[in-house]
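Working notes, beginning with the structure itself.
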Amino acid sequence: MAIRCCTSATLDVTYVESRTKHEGLSFLAISLADFGKATQKWLDQGFVVPSDTPSFKMARLTSLPAFLQGFSARVFDSASGALLNDPDIDAIFAIRQLTLMFSKIALPPGPGKVTRSQVVTPDRERRAMSDFVQCEQDVKAADARLDPLYREDFKRVSAMLFGDLFSKIDRDVYWGRLVPKHGPGAVADKLSSNAKWNQRTWPARLQEVFPPEEFLVPNLKPHHVEELRTELNILEPGAEMPVRVITVPKTLKTPRIIAIEPTAMQYVQQSLFRAILSAVKEDGFLYRTVGFDDQDPNRVMARSGSLSGDLATLDLSEASDRVSNQHVRDMLEDWPYLHMAVQASRSRKADVLGHGVLRLAKFASMGSALCFPMEAMVFLTLIFLGIERELSAPLSRDLIVNQYREQVRVFGDDLIVPRKHVLSVVDELENFGFQVNVSKSYWTGRFRESCGREYYDGNDVSIVKVRSILPTSRQDGNGVIAAVSLRNQFYWTGLWSAAQWMDNYLGKLLQFFPNVAPSSPLLGRESVLGYQFQTLDPYTHSPLTKGYSVSAKSPPDHLEGTGALLKCLCRETPELLRYHLSKLQGPHINIANVDDEHLERSGRPEHVSIKLGRRSPF
């Protein structure tokens, strides 16, 4: 990067080596990342604030930190610290790449099997649980202070946006057209992936909307119904299993909180989620403004916003945990069957480590199938409510469709809104108890970020992030896969020296590290020069190359009888199943036979290994 930016980084390299030696990985993952986040803030506000980087000293006679001064001087004026009129885009990318590349790295594993505790320390876990409880108290306080008139406005705007969608799903619930399925994740009652299809525990409050004889057996034949009645265990509200709140790795500094739902709740939530997705895809406007499975529109709009300055990108802190159940109740109140179904499928209590079982005011945490769609609809409503208050005039759906369909989009907690209305939107979000993450929200300068991509003045300045420590042996299958992915990301980003260093490292580690196409099942070097092959298949005459491929099998999980028939009737198409499993298990994994074995093997692979052999290079 120093060569690309025509500067020197010798002192910077020495400085990083010295601090890493004394502070360890925390310097790379936390202190260095804080410097990068401060730089993004300076780009947005247009000037350097020295107090934002307290652990880095300032250069003498300048307004810039001494660290990376050769790069920052090409972006900010050395004397005043003001953003240059024409900053060097390569220098902006260099600062971000050099400071933020370790921000999402996991702790190096100790000897033996890697455990979650090696990534999430007890102190950080306790702090995360306390923050979860504090967030719950904040939600209750926000509900209590919310003006009733604001709630009426919220109901009116949400009905204008989603009235047709809610009506369609309301009819689906009434006529029993919901098709359930089980999600790919763990459940609170710790059933295996296939064992979920034989569940016989059903909360009493689900019965009115989700009759167990329509959801737990494949049909209403007498022997199936009789079998269900014999085995069914109905749980009264006081005996319901709470969601299990756990932490999972997010960054070295802060773990992420998720909630593991009971099997029955997750099962019916998935049926409602399917109905919501189907209804959104039938609405041209909502399909363009609410994203569930495609992040690219957000990225395109973020780039446009960085170029024109007309669009702002907002990020919310603890977004899922701050969606109040009261928000959802107000939104669905006029659609009784949908309202009843959503409330029946919502877990009311959570088992929080160190705090016991708590009654929830939030709608749901991440882990509920309805968390993502409900939060998206709440956020979209608040965006247009904020715009409406700025205009001091009620909006109509026709006006919104004609004027704002290219200016507003929601994907989870990544929001894109018109810059001219951003302050009003931020105020509205905060009125309803949400916290805008100012350090990751941009609307002043030319920097924008959304859905994992960053842009400055129309230029993509997204970086490559190191997710794990480099492997030291071929037996570390996950480490090898991550290292190969890192190498190829370096290559396609134009970081040639880093890619070459990785080529040498992986070449010695693997011995066979061929050039392959991005679609190849082999672990190899991706290149614009194409792939290489050594021989032809004697039967098909297609090219073959010697290299390592990934082997990962789902654990044995036999399913037969009523549960097997139910799974076959409710499951997704083979194409969708393969898509979801490829996202779940990562690239290069051969899942060609997973559809044939789903009644014998199911769930996440327990072990991932690499095997040497001859496979197609493309």
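When each of 94, 73 is tested for being of a type in the set (Gly, Ala, Ser), within 32 Å of the chain's Cα centre (by Cα) and at pLDDT 95 or above, the lone residue that passes is 94.
If you check 151, 156 for being modelled with pLDDT of 95 or more, in contact with a helix residue (DSSP H, G or I) (Cβ under 7 Å, 6 or more places away or on another chain) and either not hydrophobic (A, V, I, L, M, F, W, C) or not assigned by TED's automatic domain parsing to the domain that holds residue 427 (or both), only one passes: 151.
Within segment 494-512, no residue that is in the same structural domain as residue 90 (by TED's automatic domain parsing) sits with its Cβ atom under 6 Å from a residue that is surrounded by 12 or more Cβ atoms within 10 Å (Cβ to Cβ) at 6+ positions apart or across chains.
Name the one entry in 462, 468, 473 that is buried (at least 19 other Cβ atoms within 10 Å of the Cβ), part of a loop (DSSP other than H, G, I, E, B), touching a Gly at 6+ places or on another chain (Cβ under 9 Å) and among the polar types (S, T, N, Q). Before the answer, list the steps.
Numbers: 462 fails: buried (at least 19 other Cβ atoms within 10 Å of the Cβ); 473 fails: buried (at least 19 other Cβ atoms within 10 Å of the Cβ).
None of the others qualify; the one that does is 468.
Using the structure shown, decide if residue 553 is surrounded by fewer than 20 Cβ atoms within 10 Å (Cβ to Cβ) and either closer than 18 Å to residue 615 by Cβ or touching a residue at least 60 places away in the same chain (Cβ under 8 Å) (or both). Before the answer, list the steps.
Details: surrounded by fewer than 20 Cβ atoms within 10 Å (Cβ to Cβ): yes; either closer than 18 Å to residue 615 by Cβ or touching a residue at least 60 places away in the same chain (Cβ under 8 Å) (or both): yes.
Answer is yes for this residue.
Please verify whether residue 128 is at pLDDT below 95, among the hydrophobic types (A, V, I, L, M, F, W, C) and assigned to a loop (DSSP other than H, G, I, E, B), treating the condition exactly as stated.
Values: at pLDDT below 95: yes; among the hydrophobic types (A, V, I, L, M, F, W, C): yes; assigned to a loop (DSSP other than H, G, I, E, B): no.
Here the answer is no, as residue 128 does not meet what is asked.
Note on segment 190-286: enclosed strands (runs of 3 or more DSSP E) holding 2 or more residues that are under 30 Å from residue 37 (Cβ atoms) are 243-248, 256-260.
Here is a list: 365, 345, 317. Which entry is buried (at least 18 other Cβ atoms within 10 Å of the Cβ) and modelled with pLDDT under 95? Break it down stepwise before answering.
Numbers: 345 fails: modelled with pLDDT under 95; 317 fails: buried (at least 18 other Cβ atoms within 10 Å of the Cβ).
Criteria check complete, one pass: 365.
Residue check: residue 67 meets all listed conditions (1) in contact with a helix residue (DSSP H, G or I) (Cβ under 7 Å, 6 or more places away or on another chain); (2) aromatic (Phe, Trp, Tyr); (3) not in a loop (DSSP other than H, G, I, E, B) but one, namely (3).
The residues on offer are 79, 106, and the sole one that is at pLDDT below 95, farther than 30 Å from residue 473 by Cα and part of a loop (DSSP other than H, G, I, E, B) is 79.
The residue pairs whose first member lies in segment 40-68 and is of a type in the set (Gly, Ala, Ser), whose second member is in a strand (DSSP E or B), and whose beta carbons are closer than 9 Å, counting only pairs six or more residues apart or on different chains, are 46/82; 46/83; 59/65; 63/47; 63/76; 63/82; 66/58.
Scanning segment 421-445 for residues that are of a type in the set (D, E, K, R) and modelled with pLDDT under 95 yields a count of 1.
Kindly indicate which of 516, 484, 464 is closer than 30 Å to residue 312 by Cβ and either modelled with pLDDT of 90 or more or of a type in the set (Asp, Glu) (or both).
Going through 516, 484, 464 in turn, the sole match is 464.
Of all residues in segment 532-548 being of a type in the set (Ser, Thr, Tyr) and assigned to a strand (DSSP E or B), which is nearest to residue 474 (Cα to Cα)? Before the answer, list the steps.
So in segment 532-548, the residues of a type in the set (Ser, Thr, Tyr) come out as 535, 539-540, 542, 545, 548.
Now narrow it down to the ones that are assigned to a strand (DSSP E or B): 535, 545, 548.
Working: 535: 25, 545: 19, 548: 10 Å.
Selected residue: 548.
Taking the numbered list (1) crowded, with 23+ Cβ neighbours inside 10 Å; (2) farther than 24 Å from residue 188 by Cβ; (3) of a type in the set (Gly, Ala, Ser) in turn, residue 259 passes all entries but (2). Restricting segment 494-528 to residues that are more than 19 Å from residue 615 (Cβ to Cβ) and in a loop (DSSP other than H, G, I, E, B), which is farthest from the chain's Cα centre (by Cα)? Of everything passing the filter in segment 494-528, 528 is farthest from the chain's Cα centre (by Cα). One residue is enough: does segment 213-231 have a residue meeting the conditions farther than 25 Å from residue 560 by Cβ and among the β-branched types (Val, Ile, Thr)? So far as segment 213-231 goes, no, none of its residues is farther than 25 Å from residue 560 by Cβ and among the β-branched types (Val, Ile, Thr). Per this entry, residue 578 is not counted among residues that are at pLDDT below 80, closer than 21 Å to residue 185 by Cα and in contact with a His (Cβ under 8 Å, 6 or more places away or on another chain). Checked against (1) in a loop (DSSP other than H, G, I, E, B); (2) under 29 Å from residue 276 (Cβ atoms); (3) modelled with pLDDT of 95 or more, residue 165 passes all but a single condition, namely (1).
The values are calculated or read from the model by the stated rules, or taken from the named source; none is laboratory data. This structure is a prediction, so every number in the text was calculated from the model and none was measured. FYI the Cβ positions are ideal-geometry reconstructions off the backbone, even for glycines, and counts take in every protein chain you see.
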